[in-house]
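Beneath this line is the structure, given in structure tokens, with notes to follow.
The values are calculated or read from the model by the stated rules, or taken from the named source; none is laboratory data. Keep in mind that this is a model prediction, so the values were computed, not measured. Virtual Cβ from ideal backbone geometry, glycine too; neighbours counted across all protein chains shown. Surface areas here come from the heavy atoms of the whole protein model, side chains and all, with no ligands, DNA or RNA. Shrake-Rupley method; radii C 1.70, N 1.55, O 1.52, S 1.80 Å.
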Amino acid sequence: MKNIVKRISFELKDEISQYELYLKKMLDSDVKLINTVLNYVMKIKGKQFRPLLCLLCSKLEGEPNEKTYISAASVEMLHVATLLHDDVVDESDLRRSWPTSNSIWKSK
């Protein structure tokens with residue numbers, strides 16, 4: 001599975017770059033602490049399977065457009081929010097061998 005995701009990511013490298021720009025723009029905040037936490041959390045990237053799926057699905061109907069990138073970024077933000085929530089509820093100290101955000105900045 002990992003090799004398939006890598007191959008898809010390679011084939012969609014231009015679209016992934018565009019998606020990442022949208023994600024960064026959508027996550028930008030005027031609150032410094034929010035930016036600090038989000039930059040930390042987003043640094044630990046997984047396979048980004050959900051955004052890849054959005055990009056692939058858009059290719060079924062043509063080429064990705066602004067709505068595609070907004071959807072891909074939104075899906076990833078929702079996924080990351082659920083991971084953050086799980087870490088708080090489970091009182092986890094680590095995720096993927098990295099300290100969780102709530103272990104660094106506390107749940108509040």
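Values for this structure:
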| read-out | value |
| --- | --- |
| Filter result for residue 50 (in contact with a helix residue (DSSP H, G or I) (Cβ under 8 Å, 6 or more places away or on another chain) and not β-branched (Val, Ile, Thr)) | yes |
| Residues of region 1-59 classified as under 13 Å from the mean Cα position of the chain (by Cα), assigned to a loop (DSSP other than H, G, I, E, B) and surrounded by 17 or more Cβ atoms within 10 Å (Cβ to Cβ), total | 1 |
| Residues satisfying the stated conditions in region 64-78, i.e. under 17 Å from residue 14 (Cα atoms), open to solvent by less than 50 Å² (accessible area, probe 1.4 Å) and assigned to a helix (DSSP H, G or I) | 68, 69, 72, 73 |
